[in-house]
Amino acid sequence: MKTNTSPDIRTFSRRTWMQTVVAVLCIVAVAGGVCFLHIASTRVFTDKASVYAPEVDLAPHQGGILEQVFVDEGDTVSENSIVARVGNELVKSKVAGIIVSVPDKIGSTVAPGEAVVTMVDPTTLRVVGNIDEDKGLSRIAVGNIVSFTVDAFGGKEYKAVVDEVAPASNQSGIVFNISDQRQVKQFAVKARFDVAAYPELKNGMSARMWIYTN
């Protein structure tokens, strides 16, 4: 026997189903919003970051004529390698590293302490981000986990650990709060990474950093 379902029952069922779908979508949206707020509150982001190592100037102890330079930019040198000769003095590297600058000074007189070659020690490479003082700086501490990317390698993600939060602001890192034109100072946050695991990372590369504070 064929049973007819009344229009009222069909309408009720359809309305109940739609209400259920709407309720589920609302729950998903709320959950997504909560997750987003949680993530946003536990990490600090900056796109004002770079891979950086302090430059090491190699210079003679005594002044004289720069007679020879034995390295080129990009060369890798070991500790105590001879990099140049000024008069009778041999200028040597103090640590192993990479040559980043060789000024064209052969035949010129250089003063004591004047750099004839500049290098970096790869073991001192850090990813350094400039953080606005009102954008989560107070939550950042040594030991926080960091993820970062560099423009040169697209979306590849790297890992690091915060090992220094600058005790003073950058003198040049001052921005303005648009709402009241107050000065907002920036502080450098440095994070170390496994240099051996990421040999493609070079001094000066532009980066983006996410610092996880919890």
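The values are calculated or read from the model by the stated rules, or taken from the named source; none is laboratory data. For clarity, every value in this text was computed on a predicted model and none was experimentally measured. Please note: Cβ atoms are built from the backbone with ideal geometry, for glycine as well, and neighbour counts cover all protein chains shown.
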Exercise for review: For residues that are modelled with pLDDT under 90, of a type in the set (Gly, Ala, Ser) and surrounded by 11 or more Cβ atoms within 10 Å (Cβ to Cβ), tally how many sit in the stretch 22-69.
Suggested key: 2
Review point. Where residues in the stretch 75-102 are charged (D, E, K, R) and over 30 Å from Tyr158 (Cβ atoms), which of them is surrounded by the most Cβ atoms within 10 Å (Cβ to Cβ)?
Key: Arg85
Point to revise | Failed item in (1) farther than 11 Å from Phe187 by Cβ; (2) in contact (Cβ under 8 Å) with a residue 40 or more places away in the chain; (3) of a type in the set (Lys, Arg), with Lys135 passing the rest | key: (1)
**Study point:** Subset of the stretch 103-142 [under 30 Å from Gly87 (Cβ atoms), surrounded by fewer than 13 Cβ atoms within 10 Å (Cβ to Cβ) and not hydroxyl-bearing (Ser, Thr, Tyr)]
**Key:** Asp104, Gly107, Ala111, Pro112, Gly113
